[in-house]
1. Go through segment 13-24 and report how many residues are surrounded by fewer than 21 Cβ atoms within 10 Å (Cβ to Cβ) and touching a helix residue (DSSP H, G or I) at 6+ places or on another chain (Cβ under 9 Å).
2. Between E120, E72, E47, which is touching a residue at least 40 places away in the same chain (Cβ under 8 Å) and either assigned to a helix (DSSP H, G or I) or within 20 Å of V152 (Cβ to Cβ) (or both)?
3. Is it true that A106 is without any contact (Cβ under 8 Å) to a residue 60 or more places away in the chain, in a helix (DSSP H, G or I) and more than 19 Å from the chain's Cα centre (by Cα)?
4. Surrounded by 17 or more Cβ atoms within 10 Å (Cβ to Cβ) and either closer than 19 Å to G172 by Cβ or in contact (Cβ under 8 Å) with a residue 40 or more places away in the chain (or both) - does that describe any residue in segment 90-99?
5. Is there a residue in segment 75-84 that is of a type outside the set (S, T, N, Q), surrounded by fewer than 13 Cβ atoms within 10 Å (Cβ to Cβ) and out of contact with any Ser or Thr (no Cβ under 7 Å at 6 or more places or on another chain)?
6. Would you mind telling me which numbered condition in (1) surrounded by fewer than 22 Cβ atoms within 10 Å (Cβ to Cβ); (2) touching an Asp or Glu at 6+ places or on another chain (Cβ under 7 Å); (3) modelled with pLDDT of 90 or more; (4) within 13 Å of F32 (Cβ to Cβ) T178 fails?
7. At pLDDT 90 or above and not in a helix (DSSP H, G or I): does that describe G172?
Amino acid sequence: MILDTLFRKRRLSTPAGLIYGALVAQARDPWFYSELGVPDTVEGRFEMVALHGFLVLNRLKTARRHGLPLAEQLGQAIFDMMFADMDRNLREMGIGDLGIAKRVKALVKGFYGRIKAYEEGLAGTDGLLAEALDRNVFAGAAADGAAQALAVYLQDSVACLGEIPLEAMMGGRLAFATPSAAAGEADV
């Protein structure tokens, strides 16, 4: 049983790494920072990685509901990789060992809160998602239309990722919405 878990984790580390790398690359798209005004700070970058992490984990959650149990294990591997990366980044920024655990715990808690808010926003009324994005990504100070444009991007990305088969995702293939297209739909 323990060996099975160990081999499964090792087997999923490569796909998880490919997926995590792809979502981080998308989170770094300059459009979010230059056009929407997402703060180009440690916090702003965390928000964009968290948003794209949510998108991928949401897609894997859907795959799991459709009878693909490997999706849950892959999601856990990506989650673990994401917060190991956060830990490493905090250490590189000079945060001491004593402060790391507390900060990573706060990031995990915040990420779970974002998952809940974004899921509710996707399932709720039109403005609910934009409100959650304004609150989390823009700290309540989004420029006119920016939170709505990001909400359109998020909704379009859910649809794009929904078209990608799990096998293709395991090869690192992700499909997010084109950021500039979301701006046109939301009139930023």
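1. Residues that pass the stated criteria total 7.
2. After applying the criteria, what remains is E47.
3. No; evaluated as a whole, the condition is false for this residue.
4. no
5. yes
6. With respect to (1) surrounded by fewer than 22 Cβ atoms within 10 Å (Cβ to Cβ); (2) touching an Asp or Glu at 6+ places or on another chain (Cβ under 7 Å); (3) modelled with pLDDT of 90 or more; (4) within 13 Å of F32 (Cβ to Cβ), T178 is out only on (2).
7. When the stated conditions are applied, G172 does not pass them.
The rows are residues; the columns are (1) surrounded by fewer than 18 Cβ atoms within 10 Å (Cβ to Cβ); (2) of a type in the set (S, T, N, Q); (3) at pLDDT 95 or above.
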site: V42; (1), (2), (3): yes, no, no
site: F54; (1), (2), (3): no, no, yes
site: T62; (1), (2), (3): yes, yes, no
site: L70; (1), (2), (3): yes, no, no
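The values are calculated or read from the model by the stated rules, or taken from the named source; none is laboratory data. Note that this is a predicted model, so its numbers are computed, not measured. Cβ atoms come from the backbone with ideal geometry, glycine included; neighbour counts cover every protein chain shown.
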